[in-house]
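Worksheet: one structure, shown below.
The values are calculated or read from the model by the stated rules, or taken from the named source; none is laboratory data. Just so you know, these numbers come straight off a predicted model, no measurement behind them. Note that each Cβ is placed from the backbone with ideal geometry, even for glycine, and that neighbours are counted across all protein chains shown. Only protein heavy atoms, including side chains, enter the accessible area calculation; ligands, DNA and RNA are left aside. Shrake-Rupley method; radii C 1.70, N 1.55, O 1.52, S 1.80 Å.
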Amino acid sequence: MAYDRYIAICKPLHYRTIMDSRTCVNMAAAAWGSGFLNTVLHTANTFSLPLCQGNVLDQFFCEIPQILKLSCSDAYLREVGLVVVSAVFAFGCFVFLVLTYVQIFRAVLRIAPEHDQHKAFSTCLPHLAVVSLFLSTVFFAYLKPPSMFSSSLNLLLAVLYSVVPPAVNPLIYSMRNQELKDAVWNLMTVFQK
């Protein structure tokens with residue numbers, strides 16, 4: 001999505017030739033393929049781990065770090081390696097996203113009329129909001145210091161990054177609709193009274 005916005009804003013005259021159906025299919029296939037490969041590697045490795053501390057997790061889904069805590073073999077090192085590879089891949093995607101948005105914002109700020117700047121920002125900011133919400137909770141969940149360990153905090157963070165972004169995604173993307181903005185504003189004013 002960031003690349004699509006980049007082409008639409010920074011190279012609008014070439015948009016139809018760059019973002020043709022073949023490019024969209026290739027980008028979707030790359031995203032789905034890499035996600036599927038990552039999932040298969042983690043699932044196959046996780047299912048091969050022997051569990052010696054029971055099979056009850058303090059989560060509402062089978063999250064890899066929680067399963068690793070139940071493992072009693074040295075095979076967990078393979079999974080840690082896979083998590084590191086996934087983190088490097090995710091960091092690469094994050095860097096691509098940041099660089100893309102830096103280029104977009106540079107191009108938008110060169111646009112003279114303020115109305116055109118507002119229109120360009122309004123197409124990018126919803127995507128950036130959803131991605132930021134997801135990444136900030138994931139980074140905090142996986143990179144928090146061990147001193148902050150709490151099963152209830154882990155559960156809360158898991159809900160935040162697995163449930164909240166998909167739930168607010170339609171709301172954030174539809175905030176460009178004036179009727180919805182008015183309805184949300186009316187709802188907020190009712191609750192303030």
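Are there any trypsin sites (Lys or Arg not before Pro) in the stretch 75-132 that are in a DSSP loop and have at most 16 other Cβ atoms within 10 Å? List them by number.
Those satisfying the criteria are R110.
Pick out which of F96, F134, F36 has the largest mean-square fluctuation in a Gaussian network model of the chain, springs linking Cα atoms closer than 10 Å.
Evaluated over the chain, the most mobile residue of the options is F36.
For the chain: lysine pairs with Cα atoms under 19 Å, gap of 8 or more or different chains, count?
On the way: K11/K119; K69/K144; K119/K181; K181/K193.
Lysine pair count for the chain: 4.
Calculated from the structure, percent of Cα pairs over 19 Å apart equals which of [x] 72; [y] 60; [z] 56?
Among [x] 72; [y] 60; [z] 56, the one derived from this structure is [x].
How much length would be gained if the chain were fully extended between R110 and I18, taking 0.36 nm per residue of separation minus their Cα-Cα distance, in nm to one decimal?
30.9 nm
So how far apart, in nm, are the two label points at L171 and S152 if each is 7 Å from Cα heading toward Cβ?
With each label point 7 Å from Cα toward Cβ, the separation is 2.4 nm.
So what's the back-of-envelope 222 nm ellipticity for the chain, counting only DSSP H runs of four-plus at -39500 (n - 2.57) apiece and dividing by all residues, rounded to 500?
-26000 deg cm²/dmol
Round to a whole number: what % of the accessible area of the chain belongs to carbon and sulfur, probe 1.4 Å?
Numbers: 9020 of 13040 Å².
Accessible surface attributable to carbon and sulfur in the chain totals 69 percent.
Among Q103, Q53, Q66, determine the one that fluctuates most according to a GNM of the chain built with springs between C-alpha atoms less than 10 Å apart.
Q53
Please build a GNM for the chain, connecting alpha carbons under 10 Å apart, and tell me which residue among P145, P50, P170 fluctuates the most.
P145
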